[in-house]
Every structure is written in structure tokens, then in C-alpha cells.
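Below you'll find the structure, written out as C-alpha cells, and then a few comments.
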Amino acid sequence: MQIDYTERHWKILNGKRKIAIEILSLLKQYGMEGYVYGSVARGDVNEKSDVDVIVFNPNQIVLDTLNVNHKYIVQATPNSVPKAYLSIDEEETIVISFPLGRLRRNEIEFYSFGGLVDLKDLLENRRVPGVNKKLMLIIPTENGHMEIPLEGNEDYVSKLLKISLDTIMERKRLLTKRIERGHTGIFLRYDLSGNESIYDAFNKMYKSNKFFKRMVDV
């Protein structure tokens, strides 16, 4: 199915991408490469779409000094690598995240599953294909995008996004569960206090939580 974007849609998308460019440009000044993933990378945004940035190879000391609204650490499941989150705004709609351990292949491919772009892509106004939370493959077109159901097209999506079929099936199971049951929650979230550093929070959780310790030691 072809979806043509309205002038308002393009305005919303350009506004969110402008925010992303500012963040990735700042990270580049500090010697880090950031990526934007999700609807801002694909183009199928709405007014409530988040601007989500991931830094795969972070300088934690520098990131900890950025001026943000608040910070928190999340471990999505007992078997996932914890990540630190720097929220630019109170509502957590503009967020920079980075792993606190070594990401496994499927965890890295998660970002490509939803669509992933870098600063160069944004500056060149490039959009990329990816799967949204409704399990629809979004393929950007000149005037908007094409939508194709993931169901029955898993092999095609795997080849198009250049990620493993195992990752496709894992994300499909998780998102199907969320669609059926609503938001399933997260295993662990730790909110940093005003003066607490990510380093201090990391050490506290490393000593007190065996699941956290196990996944950052992998």
C-alpha cells in the first residue's frame, strides 16, 4: 500500500530530523558517531514520534557531562545488555542511549530492524526501510512510503534490511506480544539522582544486581 505524505507530515518529519541533526552534530564534535533509529529514520512519523539516538561506541565520561533533563539505566530483560539513557526533555521524547556492555549481534540488529541512519544520511535527506511497531515494513518512496506486512515476508525483510532471520523472528514475537497484551514492561530501570554520575550508578547496580553484573561481564 502506498502512503503519500501531506505537507504537514513533511513538516513534522523535517522538524524531528532537524533535532536529530543537532544531536548527532554535537556528538561528532566530541568524537562520537550517533545514529537515529525508528520512525525518524524511516519517515513514517507523527507528532508524538520520539527522536531516539544510539551511540554504539560511547565515551561515557563525555556523555555524562552533557546538559540533559535526567538520566536513567534500563535493562530490558534479564538476558539483555543494560543501557544508559540521557533524556533531553522531561517527557523522554528526545533521548540519547548507549550500551553499558558489549552488545550481541541480535541487539545491534534490533536498530536496523526499525531503521537506522547516521548524520550523513540525515544531511542528505535519506530515509531507510524498517519495520514499525505494527509489524509493517516501511519502504520510503519519493512522495511517502510503501507498507508491506512483515507476516509472510520475513525472508524478504531479512534480505532487504541485511539482518538475520533469527532477529526478524525474535522481534516479530516480541512486538506481537506487545500488540496482544499491551506494553509488557521492562526488567529493570534505575533513575539517577540529580548529582549521581552514570559511573556511580553503574557501580551500584553492578554490586547489587546479579543479572546486571552478568550481562555487562559478557
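The values are calculated or read from the model by the stated rules, or taken from the named source; none is laboratory data. Since the structure is predicted, the reported quantities are computational estimates derived from the model, not experimental observations. Counting neighbours? That spans all protein chains shown, and the Cβs are built from the backbone with ideal geometry, glycine included. Areas reflect the complete protein model, heavy atoms only, side chains present, ligands, DNA and RNA absent. Shrake-Rupley method; radii C 1.70, N 1.55, O 1.52, S 1.80 Å.
Shown here for the stretch 75-134: GluC sites (Glu not before Pro) in loop regions (DSSP other than H, G, I, E, B) with at most 11 other Cβ atoms within 10 Å, namely GLU90, GLU91, GLU124.
Accessible surface computed residue by residue for the chain, with neighbouring protein chains in place and a 1.4 Å probe, gives 56 Å² per residue. The phi torsions of the stretch 110-116, fed into the Karplus equation with coefficients 6.51, -1.76 and 1.60 and a -60° offset, translate into couplings of 3, 6, 5, 4, x, x, 9 Hz, rounded to whole numbers, with Gly and Pro shown as x. Separation of the stretch 9-36 and the stretch 52-100 by C-alpha centroid, Å? When both Cα centres are located, 16 Å separates them. Of the solvent-accessible surface of the chain, computed with a 1.4 Å probe over protein heavy atoms with every protein chain present, carbon and sulfur atoms account for 50 percent. Label point 7 Å out from ILE12 along Cα-to-Cβ: which residues of the stretch 38-61 have amide N under 17 Å? It comes to 38-52, nothing else. Among the chymotrypsin sites (Phe, Trp or Tyr not before Pro) in the stretch 10-42, those located in a DSSP loop and surrounded by at most 15 other Cβ atoms within 10 Å of their own Cβ are TYR30. Relative to the globular-protein estimate of 2.2 N^0.38 Å, the Cα radius of gyration of the stretch 1-215 stands at 1.03.
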